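Contents: one structure, followed by commentary.
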Amino acid sequence: MQRALSVSRMTGNRSTFPEWYQAVVREADLAENSPVRGMMIIKPWGYGVWEEIQRDLDRRIKETGHVNAYFPLLIPLSFFAKEAEHVEGFAKEMAVVTHHRLRAVDGKLEVDPDAKLEEPLIVRPTSETIIADAFQRWIKSHRDLPLLINQWANVVRWEMRTRLFLRTSEFLWQEGHTAHADEADARAETMRMLEVYRAFSEETLAMPVIAGEKPENERFPGAVGTFSVESMMQDGKALQAATSHYLGQNFARAQNIRFQSAAGELEYCHTTSWGASTRMIGGVIMTHGDDDGLRLPPAIAPRQIVIVPILRDKPEDAEVLAYGEALAKALNALSALGERVRALLDVRGARSADKRWEWVRRGAPIIVEVGPRDAAAGQVTYMRRDKLRDGEKIASHAVPRDTFLAAAPGILAEIQANLYADAKALLDSNIRSDITSFEALADYFGAAVDEDEGAAFKGWVRAPWSRPTGEALEAVDARLKALKLTLRNIPLDQQPITGPCLFTGEPAAEEVLIARAY
RNA sequence: CGGAGUGUGGCUCAGUCUGGUAGAGCACCGCGUUCGGGACGCGGGGGUCGCAGGUUCGAAUCCUGCCACUCCGACCA
């Protein structure tokens, strides 16, 4: 039997995992590269997934008291200079607009030197500075606080090396920006949104994560504290799925965001920012995909149930189509996972077998076939994308139509839960906390760092450490880098410390998560 | 920006070493037989062989330069 993908993700050869990933993106019709280097075209099925992600995450953001607004795409260069670490962190990847007009010379367009901008404009890599500028004007009194704003937008970061969804020069995201009267309130906000991301990742994306604080060398430029949710991909590498930052008063001081307190004093606000992007789609692919293509959690599947009619260019086709239409209508009237079921009757003129496999590759959670026999018997034949195969055989189930209608919402919920359980099992069984020395760490991940090193799957390590800072932390980072490892985060959910610091031998303060990362 | 590799119909590639009328499979279009587990037959459409120069009677093939893409690093959501 021919398989959906020409490459398998689990061949034991590490270099094929990226190939498998690319094959899924292509075969599932999610996105493709564009004429502009590093910028992707998100195709309708991929964008449909993003719309479901937006819808669910937007609801969670609003339920926690935030409102949406929109700020400009272009930011005056001088705004970035106001926060030293911030500009330093983004300087190397900013796209700059310097002119506002072209002119035609000998039939060719060129930049008009007379149209040079007084001040260059930056295509936003993130919007802290332009939003801070607005906050500075909006906030006068403690009664204006907290100010809780979210923006859905695109941003541009001129990346050297890009990968569809995981790292593109332009990406779509939401960025939350809030201002508070004091540190405690701002820190509570930072943690509240981290929890929103945790819940969203696990409940909606079916992607288990470990939430924690980033070590200081991994902080967002300009932040006092950065927190992340980290997810384990099927090759064992970690993906930072979302981040939440406590910015202290850094941006408030840089851009003069002040309020008059109840006591009449002028005080600087404490601000936060937090974001999640189209990268999460890459995470979903690498968490749930298999050798037949994508498997979508029902919560974010643009179509949760796809009905493929078995047609034969015969009079009985009309009956099959009518049967299918009625079934789609009945399914769309149901609710599952807290919202309306999204079902589709695929009436395109392609062969049934081709359509069926296309939906398998795209990851539709339930694929239903209705043919003359089903129509006559009042039944449906369906297959579940989470359990597509029984060995080499496709596992399909024929049940009475009413039975299926009654069961469908439950099956969708079960698929959602199954995908999560599988990913959770991978995560839980691949975090080692029995590594007690740096040598053992190097041993586990393999001292060799050449090309063909990673034959075996390597998970993550939780290890005690003394939370070094400054140069001591840089030294730790350098030692890890030699092993292609990074500090992911310091899990909020700490386990008992098992020994001294893995790096310094000093008494350990807490556990840190170590992994190879995207 | 470094290292490696690849550029030939939409896709995957052969052909390049050894210069001599541009090919295959898949996909696409038409007709027919099929269709309930990734169909088959017959017929068709589609490529200035990444770009620019050079060598040659003749270049996908040899030479020079450039460009793009992929993978691996550095950077990062």
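Between A:THR403 and A:ARG59, take the C-beta separation as r, use R0 = 35 Å, and let me know the FRET efficiency to the nearest 0.05.
0.65
Quick check: pseudo-label points 7 Å beyond the Cα along Cα→Cβ at A:ALA262 and A:GLU19, how many nm apart are they?
The modelled label-to-label distance comes out at 6.6 nm.
Relative to the Cα centre, what is the charge dipole magnitude of chain A, using +1 at the beta carbon of each Lys and Arg, -1 at the beta carbon of each Asp and Glu, and rounding to the nearest 20 debye?
Its charge dipole is roughly 1120 debye.
Kindly express, to the nearest 10 degrees and within the range 0 to 90, the angle between helix A:401-428's C-alpha long axis and the longest C-alpha principal axis of chain A.
Approximately 40 degrees, to the nearest 10.
Angle between the Cα long axis of helix A:128-138 and the longest principal axis of chain A, 0 to 90 degrees, nearest 10?
The angle comes out near 70 degrees.
Based only on other Cβ atoms within 10 Å, what is the fewest-to-most ordering of A:CYS501, A:CYS269?
Fewest-to-most ranking of A:CYS501, A:CYS269: A:CYS501, A:CYS269.
Could you work out the helix-only [θ] at 222 nm for chain A, with each DSSP H run of four or more residues adding -39,500 (n - 2.57) and the total divided by the number of residues, to the nearest 500 deg cm²/dmol?
After summing the helix terms and dividing by residue count, I get -10000 deg cm²/dmol.
Please name whichever of A:THR278, A:ILE310, A:ILE490 sits farthest to the positive end of the charge dipole of chain A, dipole taken about the Cα centre and charges placed at Cβ: Lys and Arg +1, Asp and Glu -1.
A:ILE310
Grab the other residues whose beta carbon is less than 9 angstrom from that of A:THR486, score K and R as +1, D and E as -1, and report the net.
+2
Quick check for you: which residues of the range A:364-406 have the amide N under 13 Å from the point 7 Å beyond the Cα of A:LYS43 toward its beta carbon?
Hits in the range A:364-406 for A:LYS43 at 13 Å: none.
Taking the number of other C-beta atoms within 10 Å as the exposure measure, put A:HIS270, A:HIS142, A:HIS86, A:HIS99 in order starting with the fewest. Before the final figure, lay out the partial values.
Numbers: A:HIS270 28, A:HIS142 17, A:HIS86 25, A:HIS99 13.
Ascending number of Cβ neighbours within 10 Å: A:HIS99, A:HIS142, A:HIS86, A:HIS270.
Using Cα pairs under 8 angstrom and six or more residues apart, how large is the relative contact order of chain A, in percent?
So the answer I get is 15 percent.
Need the C-alpha centroid separation for the range A:480-518 versus the range A:120-158, integer Å.
34 Å
Please tell me the relative contact order of the range A:405-518 in percent, rounded to the nearest whole number, where contacts are Cα pairs under 8 Å and at least six residues apart.
Normalised by residue count, the contact order of the range A:405-518 is 29 percent.
Computed FRET efficiency, Cβ-Cβ of A:ARG351 and A:VAL67, R0 60 Å: what is it to the nearest 0.05?
0.75
Values quoted throughout were computed directly from the atomic coordinates according to the rules given, and no laboratory measurement underlies them. These figures come from a predicted structure and were not determined experimentally. Methodologically, a virtual Cβ is constructed for each residue, glycine included, from the backbone with ideal geometry; neighbour enumeration extends over all protein chains shown.
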